[in-house]
Amino acid sequence: MKPLMYAMPYSQKLAEQLASLSGAELGKLEVRRFPDGDSYVRVDVVGTSVEDRDVVIVAPLDRPDDKILPIWFLADNLRDLGAGRIGLVCPYLPYMRQDRRFLNGEALTSNFFARMMSSHFDWMVTVDPHLHRHKSLDAIYTIPSEVVHAAPLIAAWIRTNVEKPIIIGPDEESEQWVASVASQAGAPHLVLKKTRTGDRAVKVEMPDLGEFSSQTPVVVDDIISTAHTMIETVKELKTRGTPPPYCVGVHGIFAGRAHMELKQAGAAVIATCNTVNHPTNQIDISSLLAPAIERLTAATAPAAAALRTGNRPDAAVAK
Ligand code: R5P
């Protein structure tokens, strides 16, 4: 039987693309708030039975705190109604940056969030999570997971849209994405040194651009949040007299006025993947997510019977 796919309200378009590419059936869902702020979640079980079905929930989780409870209610409700395995397609995975206690007593939210997510879902697919001190999701998630890399699509976008690019990574953490994008785009790359002293206080140090100073800089990062990492990089490039830079992010969060401020700083073009809904979305990642969904539903399917009889399979099933 085809897997059933549910789109959280803000992810309808992506879910429609994924359902059509992965051969899933889109189920109907009502998610709203009661006047007191509590969440209301209802799945249409008259039109579509969920019994024994593999279920896929599509939920980009930028600004997660308001979104996460309804998703957990949906997953628990589906399980209660007899669904089989319940997977999460979470193109942007939040709470990955607090991956250690930088100051005494800080909550280690990457680990705590992973623990909570692992108790609600049977598997997860995401796009380029911010893996820095955690080397893989398996370090903190106990469910099978698959990470999809946007680099090939970003490289293809750069090849189509930018003449003579040089790919710039704003900090050492970006090396992993930037090196891969650059080699696939057939372009040189360099990585800057970043110091962050506050949420919006960022400094970047740039080496001499030498022979590359006339090439078009394409700043590539995994997350654009306050955009100050990109803004400081764009400002530094300006002082070197390069052509106006392109800014490409996998996940465009754009907190507050970040998008406007990055434009004002001098970014020629700002492009992001559609892992977070935003007007800058130019790179569609559904062609990478759909096969991953098919792999995970196929890999975990035999385990559904064991789950229903109360014999929960161990997390190694699809690793
Ligand atoms: C940091 O480690 C990430 O890779 C990004 O550079 C960072 O999240 C960007 O944040 P912001 O846009 O707030 O400077």
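Worth a mention:
- Within the range 99-119, the residues that satisfy the criterion of being open to solvent by less than 30 Å² (accessible area, probe 1.4 Å) and of a type outside the set (Gly, Ala, Ser) are 99, 113, 117.
- Inside the range 159-190, residues that are in a strand (DSSP E or B) and surrounded by fewer than 20 Cβ atoms within 10 Å (Cβ to Cβ) make up a count of 1.
- Screening 82, 47 for residues that are outside the structural domain of residue 277 (by TED's automatic domain parsing) and in contact (Cβ under 8 Å) with a residue 40 or more places away in the chain leaves exactly one candidate, 82.
- Qualifying residues in the range 76-121 (those that are in contact with a strand residue (DSSP E or B) (Cβ under 6 Å, 6 or more places away or on another chain) and among the small types (Gly, Ala, Ser)) - the one nearest to the ligand (Cβ to nearest atom): 87
- Residues satisfying the stated conditions in the range 254-265, i.e. surrounded by fewer than 20 Cβ atoms within 10 Å (Cβ to Cβ) and either free of Cβ contacts under 8 Å to residues at least 12 places away in the same chain or in a loop (DSSP other than H, G, I, E, B) (or both): 255, 256, 257, 260, 263, 264
- Hey, residue 271 assigned to a loop (DSSP other than H, G, I, E, B), within 16 Å of the ligand (Cβ to nearest atom) and at negative phi or not: no
- The residues of the range 1-33 that are open to solvent by 90 Å² or more (accessible area, probe 1.4 Å) and assigned to a strand (DSSP E or B), listed by number, are 32, 33.
- Selection from the range 191-211 of residues that are within 15 Å of the ligand (Cβ to nearest atom) and either over 27 Å from residue 159 (Cβ atoms) or open to solvent by 80 Å² or more (accessible area, probe 1.4 Å) (or both): 193, 195, 196, 197, 198, 199, 200, 201, 202, 203, 205
- Filtering the range 212-233 to residues that are more than 8 Å from the ligand (Cβ to nearest atom), without any contact (Cβ under 8 Å) to a residue 60 or more places away in the chain and not in a helix (DSSP H, G or I) leaves 213, 214, 215, 216, 217, 219.
The values are calculated or read from the model by the stated rules, or taken from the named source; none is laboratory data. Predicted, not measured: the structure shown is a model, and the values here were computed from it. When we count neighbours, we look across all protein chains shown, and the Cβ atoms used for this are built from the backbone with ideal geometry, even at glycine. These accessible areas exclude ligands, DNA and RNA; they are computed on the full protein's heavy atoms, side chains included. Shrake-Rupley method; radii C 1.70, N 1.55, O 1.52, S 1.80 Å.
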